[in-house]
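What follows is a short report on a single structure.
The values are calculated or read from the model by the stated rules, or taken from the named source; none is laboratory data. Remember, predicted model here, so these are calculated numbers, not experimental data. Heads up, the Cβs are rebuilt from the backbone with ideal geometry, glycines too, and the neighbour counts pull from every protein chain shown. Just the protein is used for accessible areas: all its heavy atoms, side chains included, with ligands, DNA and RNA removed. Shrake-Rupley method; radii C 1.70, N 1.55, O 1.52, S 1.80 Å.
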Amino acid sequence: MTLESASNQALEPPLNPQQKEAVEYDGSSLLVLAGAGSGKTRVITYRIANILKNTNIAPWEILAITFTNKAADELKYRLHKLVGERARSIWAYTFHAACLRILRKEHNKAGLPSNFVIYDTQDSKQLIKMILSDLNIDPKKYSPNSFRNEISNLKSELLSPAESIDEYDDFEKHLFDVFRVYNSRLKKANALDFDDIILRTIYLLDNSAEVRAEYQNQFKYIFVDEYQDTNVAQYQLVKRLFGSGNSLTVVGDVDQSIYSFRGADIRNIVEFEKDWEDAKVIVLDQNYRSTNTILQAANNIIDPITNKYKKNLWSALGDGEKIVVCETDNEIAESEYIVDKIRELIDFAGYKEKDIAVFYRTNAMSRAIEEQLLLSSTPYKVIGGTKFYDRKEIRDALAYLKVISNPDDDVNLLRIINFPARGLGKVSVEKVLDFARGASLSLYAALNKVDQIQTLSNATKRRFQDFVQIISFLSIEAADIKNLETETDIVSFTNNVVDKTGLKSHFEESADPQDQVRLENLDQLVNIARTWKEGEADANLENFLEMISLISDTDDLADLNAESGFVSLMTLHSAKGLEFPVVFFTGLEDGTVPSSLSVGSSAQMDEERRLAYVGVTRAKERLYLTWSTSRLQWGRVVYLNRSPYLLDIGEELITETEYKNYKFAKKNNYSDKSFKSKYGFFKY
């Protein structure tokens with residue numbers, strides 16, 4: 001099948017001239033500057049298909065790196081439509097998944113045990129809490145999350161703890177101590193955190209010329225999506241994988257670089273032509289998503305930023321509706337206006353709940369909107385709320401699975417040692433921990449020697465031994481998953497873990513009605529194992545845990561498909577990569593968007609503009625921009641001015657309206673003091 005016939009089969013428009021040029025480019029380095037909605041994924045997949053069609057390159061000689069598993073799956077799906085079964089052999093992975101595949105294969109040369117485990121964000125936070133306790137650092141004064149973020153930033157920039165700390169403040173002095181102990185504890189637990197996955201791959205490629213040459217020879221073509229979001233470590237990884245005679249294609253948008261707080265370095269994309277010899281730059285500025293009115297507003301917001309890669313988004317979809325800008329008295333009026341409009345769009349304009357999204361700068365701003373949606377009986381979902389894998393019962397079950405896979409994992413062992421309750425109190429556990437520290441043992445190794453701990457009662461020793469017996473029995477069963485002669489598989493094993501550890505009976509016997517939901521969530525975990533097993537050739541426990549560990553925040557977003565029956569609420573950062581026919585973009589005040597925290601930094605103010613640009617370009621047909629002349633912040637009324645971005649958009653693109661607070665109270669007859677107090681009314 002030719003590319004053109006594949007395009008016709010999928011009823012897609014033909015490639016535009018810029019897309020076609022990018023697809024057929026045969027040089028060594030290419031930067032595709034893909035504006036919002038300009039078809040960047042299509043360009044990547046068609047370029048890969050064109051390479052396979054017109055060269056002798058094998059599918060496994062192509063590495064296509066994305067940032068989320070969802071994006072990687074979409075890439076594989078589209079490639080399968082274009083090149084059939086050959087798509088299965090293409091290395092289409094996230095940065096972390098690609099690096100893990102290399103580390104698993106080369107674990108001996110990387111200095112890692114074969115059963116190393118991955119600590120997710122929550123595991124890392126818990127380990128740091130333990131370290132702060134051991135180092136007598138007050139967690140109220142210096143939060144574990146602050147240490148975790150700083151350690152992550154250092155690793156993403158390929159930095160190590162400084163040897164000399166005389167010039168640093170108290171936090172940084174503590175940071176370097178925590179960093180050293182943290183890395184030591186990870187090594188002792190046979191664990192890597194997320195940043196280590198890329199870091200250790202870079203070290204492997206630096207320290208083994210043989211391994212580096214192997215992968216440079218394999219990956220003749222390298223693709224990197226969302227290149228503007230890469231950090232220093234990811235940039236350096238690409239540098240090391242790129243070999244002589246190879247080809248690199250990166251796709252990204254300078255105007256959508258909004259993750260500097262995660263370590264993303266915009267210089268990676270703006271300095272591409274300096275970094276790569278004979279680099280070609282192709283700009284995709286035709287948008288296939290939004291109306292020209294929406295795109296012109298986005299162009300106007302981003303225009304003040306000095307950027308050598310200027311582009312002007314346009315669309316063949318026509319001008320469409322004007323943008324509605326609504327001034328409100330406060331967040332209550334703002335939320336009622338939004339919900340009134342949502343009901344109007346659903347009841348009279350033919351839109352469905354799934355077509356509508358509400359964006360805000362911070363999660364705290366969702367409260368008033370949620371209250372109004374509840375009052376109007378409009379179904380909604382907050383995207384980025386408590387995620388499935390962060391729910392306590394799921395983390396408990398996963399902790400058991402992790403300990404069974406790797407008994408030296410003290411963090412997860414401490415989580416489950418007395419849950420469900422088995423009479424092993426904090427004092428008893430601390431005695432075992434003291435013994436473990438004194439003997440330089442992991443906690444599990446110490447549990448196997450509890451007979452030597454004289455300060456424990458015989459009854460307590462037996463309870464510890466019973467716990468060890470459960471883990472030991474399940475570890476033997478886990479090993480049987482790899483034995484094809486047994487009937488044990490990852491599905492039955494996961495079910496057995498939930499059952500034999502007492503998790504299932506704990507929730508079944510509970511009188512708390514919420515525990516029935518938790519029981520259903522555990523059942524869902526078993527179902528996840530079943531679904532995953534169907535597409536996995538080597539469905540063992542380690543691979544199952546690895547799959548779960550690689551699920552990022554964006555992958556855990558709600559499934560925004562055609563069957564979704566809810567209005568989506570989310571932060572601007574969560575909205576990136578999504579699109580909706582109707583968008584309500586709230587909080588467009590000076591101090592909210594842009595954030596007051598960015599004042600004084602030109603780089604951060606530029607990023608605030610890019611964030612607003614991302615929010616605006618999510619809308620396909622209708623865009624509502626709302627702002628309030630006052631908001632309740634920290635218990636007091638703060639008076640605000642409209643965002644300068646509203647002035648930048650241009651009067652010809654907008655329709656101005658206003659919505660007053662008194663309409664809310666009058667319409668709903670909510671005049672009593674208790675309701676006003678509950679829902680945040682305040683006097684001017």
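A few points about this structure:
- Hey, L443 under 23 Å from A189 (Cα atoms) and either open to solvent by 20 Å² or more (accessible area, probe 1.4 Å) or touching a residue at least 40 places away in the same chain (Cβ under 8 Å) (or both) or not: no
- Within the stretch 446-464, the set of residues being within 24 Å of S133 (Cβ to Cβ) and either open to solvent by less than 40 Å² (accessible area, probe 1.4 Å) or modelled with pLDDT under 90 (or both) comprises A446, L447, V450, I453, L456, T460, F464.
- One residue stands out in the stretch 495-531 among those that are β-branched (V, I, T) and within 15 Å of I548 (Cα to Cα): the one that is modelled with the lowest pLDDT, namely T531.
- Taking the stretch 292-315 as the range and being part of a loop (DSSP other than H, G, I, E, B) and surrounded by fewer than 18 Cβ atoms within 10 Å (Cβ to Cβ) as the test, the residues that pass are D303, P304, I305, T306, N307, K308, Y309, K310, N312.
- Number of residues in the stretch 109-118 that are open to solvent by less than 20 Å² (accessible area, probe 1.4 Å) and either farther than 18 Å from Y203 by Cβ or in a helix (DSSP H, G or I) (or both) equals 1.
- Set side by side, the residues L204, L237 differ, and just one is within 19 Å of I62 (Cβ to Cβ), surrounded by 21 or more Cβ atoms within 10 Å (Cβ to Cβ) and in contact (Cβ under 8 Å) with a residue 12 or more places away in the chain, which is L237.
- Residue selected from the stretch 469-480 under the condition among the hydrophobic types (A, V, I, L, M, F, W, C) and surrounded by 15 or more Cβ atoms within 10 Å (Cβ to Cβ), by the criterion nearest to the chain's Cα centre (by Cα): A478
- Residues that are assigned to a helix (DSSP H, G or I) and touching a residue at least 40 places away in the same chain (Cβ under 8 Å) within the stretch 89-103 comprise F95, H96, A97, C99, L100, I102, L103, listed in sequence order.
- Test result for R86, within 25 Å of T68 (Cα to Cα), free of Cβ contacts under 8 Å to residues at least 12 places away in the same chain and in a helix (DSSP H, G or I): no
- Evaluation of N418 against (1) surrounded by fewer than 16 Cβ atoms within 10 Å (Cβ to Cβ); (2) of a type in the set (S, T, N, Q); (3) without any contact (Cβ under 8 Å) to a residue 12 or more places away in the chain (one fails), failing number: (1)
- For R289, the conditions (1) open to solvent by 10 Å² or more (accessible area, probe 1.4 Å); (2) closer than 27 Å to L15 by Cα; (3) part of a helix (DSSP H, G or I) are fulfilled apart from (3).
- Residue count for the stretch 512-545, restricted to those that are closer than 25 Å to S89 by Cβ and open to solvent by less than 30 Å² (accessible area, probe 1.4 Å): 4.
- The stretch 449-478 residues that are on the phi < 0 side of the Ramachandran plot, paired with ones that are open to solvent by 20 Å² or more (accessible area, probe 1.4 Å) and of a type in the set (D, E) (beta carbon under 7 Å, 6 or more apart): K461/D451
Yes/no matrix, rows are residues, columns are (1) modelled with pLDDT under 90; (2) under 30 Å from K310 (Cβ atoms):
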| residue | (1), (2) |
| --- | --- |
| S160 | yes, no |
| D177 | yes, no |
| L186 | no, no |
| R212 | no, no |
| K239 | no, yes |
| L248 | no, yes |
| D253 | no, yes |
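- All of K173, K140, K125 fail the test of being open to solvent by 60 Å² or more (accessible area, probe 1.4 Å), free of Cβ contacts under 8 Å to residues at least 24 places away in the same chain and either assigned to a helix (DSSP H, G or I) or of a type in the set (S, T, Y) (or both), apart from K173.
- Scanning the stretch 190-242 for residues that are small (G, A, S), within 25 Å of the chain's Cα centre (by Cα) and in a helix (DSSP H, G or I) yields one hit, A233.
- Number of residues in the stretch 316-336 that are open to solvent by less than 10 Å² (accessible area, probe 1.4 Å) and over 30 Å from the mean Cα position of the chain (by Cα) equals 8.
- Unmet requirement for V283, which otherwise passes all of (1) more than 30 Å from S146 (Cβ to Cβ); (2) open to solvent by 30 Å² or more (accessible area, probe 1.4 Å); (3) in a helix (DSSP H, G or I): (3)
- Residue check for E321: part of a loop (DSSP other than H, G, I, E, B), at pLDDT 95 or above and not basic (K, R): yes
- As for the stretch 354-371, it holds at least one residue that is basic (K, R), open to solvent by 10 Å² or more (accessible area, probe 1.4 Å), under 18 Å from F580 (Cα atoms) and assigned to a helix (DSSP H, G or I).
- So V250, is it over 24 Å from L295 (Cβ atoms) and crowded, with 16+ Cβ neighbours inside 10 Å: no
- In the set (1) modelled with pLDDT of 95 or more; (2) over 19 Å from K220 (Cβ atoms), the condition left unmet by S124 is number (1).
- Residues that are touching a Phe, Trp or Tyr at 6+ places or on another chain (Cβ under 8 Å) and either free of Cβ contacts under 8 Å to residues at least 40 places away in the same chain or open to solvent by 10 Å² or more (accessible area, probe 1.4 Å) (or both) within the stretch 565-591 comprise F566, T571, H573, P581, listed in sequence order.
- Considering the conditions (1) of a type in the set (S, T, Y); (2) surrounded by 21 or more Cβ atoms within 10 Å (Cβ to Cβ); (3) farther than 30 Å from I346 by Cα, S628 is excluded by exactly one of them, (3).
- Identification of helices (runs of 4 or more DSSP H) wholly contained in the stretch 574-684 with 1 or more residues that are at pLDDT 95 or above and over 25 Å from K352 (Cα atoms) yields 602-616, 644-649.
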